[in-house]
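A.B. asks: If you scroll down you'll find the structure; I have some questions about it.
Nothing in this text is a laboratory measurement; each read-out follows from the coordinates by a stated rule. Everything numeric here is computed off the predicted structure, so don't read it as measured data. Don't worry about glycine lacking a Cβ; one is built from the backbone with ideal geometry, like all the others, and counts go over all protein chains shown.
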Amino acid sequence: MHSEKANTPAPDAGTASESTALGEPFVKPKFGGVMLVCGDCQQRSSGPTKHSAKDWRSELKKTVGHQPPRWRVVECSCLGLCPRKATAVAAAGTGVPVRLAALRRKGDLEAFAAGLAAK
């Protein structure tokens, strides 16, 4: 009653996952880490008043953009951290643990950048 097809392994079962992991549609990135700046923090009533997400993104690009691992800094929607009077930032990269921060002033940005460099 059992079909022979049920007992035979799928053709190239071992190579299918390898080719998917290395082949199409994946490409090698030019950066080693992604830094996310919350764009929704500034729109909240309890959000920051002096710095916008665009300002933080620009400052982060200048500060850590070309440090290893080469960081890609992007503005995103809500990260869920929602700090009072601050902007949420997250960073994740190759060999770097995921880091979250609440940026209120320029000193916070410098401390965040130093923490990423220290690994």
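A.B. asks: May I ask you to derive the relative contact order of the range 31-118, considering only C-alpha pairs under 8 Å and at least 6 residues apart, and to give it as an integer percent? Don't skip to the answer; put the middle values down first.
C.D. replies: Values: 158 pairs, mean separation 30.7, N = 88.
Answer for the range 31-118 is 35 percent.
A.B. asks: What's the local net charge at ASP108, with K and R +1, D and E -1, over the other residues with C-beta under 14 Å away? Intermediate results must be reported in sequence, preceding the final value.
C.D. replies: On the way: positive: LYS50, ARG84, LYS85, ARG99, ARG104, ARG105, LYS106; negative: ASP55, GLU59, GLU110.
Taking every other residue near ASP108 into account, the sum is +4.
A.B. asks: Could you run the Debye sum over the Cα atoms of the range 69-116, one equal point scatterer each and no solvent, and tell me log10 of I(q)/I(0) at q = 0.13, 0.18, 0.20, 0.33 Å⁻¹, two decimals?
C.D. replies: -0.30, -0.58, -0.71, -1.39
A.B. asks: Still on this model: Kindly put PHE31, PHE112 in sequence by how many other C-beta atoms sit within 10 Å of each C-beta, fewest to most. Walk me through the numbers on the way to the answer.
C.D. replies: Details: PHE31 14, PHE112 22.
Result, fewest neighbours first: PHE31, PHE112.
A.B. asks: Net charge near SER52: determine it from the other residues with C-beta under 13 Å of the C-beta of SER52, scoring Lys and Arg +1 and Asp and Glu -1.
C.D. replies: Values: positive: ARG44, LYS50, LYS54, ARG57; negative: ASP40, ASP55, GLU59, GLU75.
Result for the local shell: 0.
A.B. asks: Taking a 25 Å limit on the Cα-Cα distance, which of the listed pairs LYS28/LYS54; LYS30/LYS50; LYS30/LYS85; LYS30/LYS54 fall beyond it?
C.D. replies: Long pairs (Cα-Cα over 25 Å): LYS28/LYS54; LYS30/LYS50; LYS30/LYS85.
A.B. asks: Next up: Once both labels are modelled 7 Å past Cα along the beta-carbon direction, what's the GLU110-GLU75 spacing in nm?
C.D. replies: 2.5 nm
A.B. asks: Starting from the Cα of LEU100, step 7 Å along the direction of its Cβ; do the same at PHE26; then give the gap between the two resulting points in nm.
C.D. replies: Between LEU100 and PHE26, the label points sit 2.7 nm apart.
A.B. asks: Still on this structure: With a sphere of radius 9 Å drawn around the Cβ of GLY33, what net charge do the other residues whose Cβ falls strictly inside it have (Lys, Arg +1; Asp, Glu -1)? Walk me through the numbers on the way to the answer.
C.D. replies: Values: positive: ARG70, ARG72; negative: none.
Residues close to GLY33 contribute a combined charge of +2.
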